[in-house]
Amino acid sequence: MHEFSIVQALLETCETYVKENNAQKVSKLIVKIGVLSGVEPDLLQRAFDTFKEKTICEDAIFELNIQKVVIKCLDCGTTSTLNKHEFFCPKCDSNVLDVLDGEEMYLMSLELD
């Protein structure tokens with residue numbers, strides 16, 4: 001499960017920000033996960049809950065925002081959010097697409113105390 005290594009990297013990032021900002025702890029993390037990122041939100045939550053004990057994130061709220069796939073059709077120029085994993089333009093039915101969002105994972109926000 002690579003979710004464990006992701007959580008370890010998040011915790012290290014949190015420690016760095018806490019030190020740089022002379023804070024005491026992290027009170028909230030907001031992470032954006034694209035549905036095509038390969039990260040399982042439930043497993044990430046479970047890994048965070050397991051590894052946060054006795055760290056600066058022990059009492060932190062861990063919020064996950066799931067990002068659907070956003071595409072741009074290279075034939076008609078339409079930008080759309082896909083509700084299913086069917087990679088066709090909803091306007092012209094083309095499959096010549098560029099994925100704009102939904103493939104990555106980002107630490108969006110970090111609240112420090």
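The values are calculated or read from the model by the stated rules, or taken from the named source; none is laboratory data. Being a predicted model, the structure only gives us computed values, none of them experimental. Note that we place each Cβ from the backbone using ideal geometry, even for glycine, and neighbour counts take in every protein chain shown.
Details
- Matching residues in region 32-67 - criterion: being in contact with a Phe, Trp or Tyr (Cβ under 7 Å, 6 or more places away or on another chain), outside any helix (DSSP H, G or I) and farther than 22 Å from residue 97 by Cβ: 62
- Complete set of residues in region 35-55 that are among the basic types (Lys, Arg) and surrounded by 14 or more Cβ atoms within 10 Å (Cβ to Cβ): 46, 52
- Of all residues in region 68-110, those satisfying the criterion of being small (Gly, Ala, Ser), surrounded by 13 or more Cβ atoms within 10 Å (Cβ to Cβ) and assigned to a loop (DSSP other than H, G, I, E, B) are 94, 102.
- Against the conditions (1) under 14 Å from residue 6 (Cβ atoms); (2) touching a helix residue (DSSP H, G or I) at 6+ places or on another chain (Cβ under 7 Å); (3) among the β-branched types (Val, Ile, Thr), residue 26 satisfies every one except (1).
- Matching residues, region 18-31, being loosely packed, with under 15 Cβ neighbours inside 10 Å and in a helix (DSSP H, G or I): 19, 20
- Applying the criterion of being over 17 Å from the mean Cα position of the chain (by Cα) and surrounded by fewer than 16 Cβ atoms within 10 Å (Cβ to Cβ) to the residues of region 56-67, the residue that is nearest to residue 16 (Cα to Cα) is 58.
- Of the set (1) within 19 Å of residue 32 (Cβ to Cβ); (2) modelled with pLDDT under 95, all apply to residue 79 but (2).
- Scanning region 1-35 for residues that are among the aliphatic types (A, V, I, L, M) and at pLDDT below 95 yields a count of 1.
- Residue 10 of a type in the set (A, V, I, L, M), surrounded by fewer than 16 Cβ atoms within 10 Å (Cβ to Cβ) and out of contact with any Pro (no Cβ under 8 Å at 6 or more places or on another chain): no
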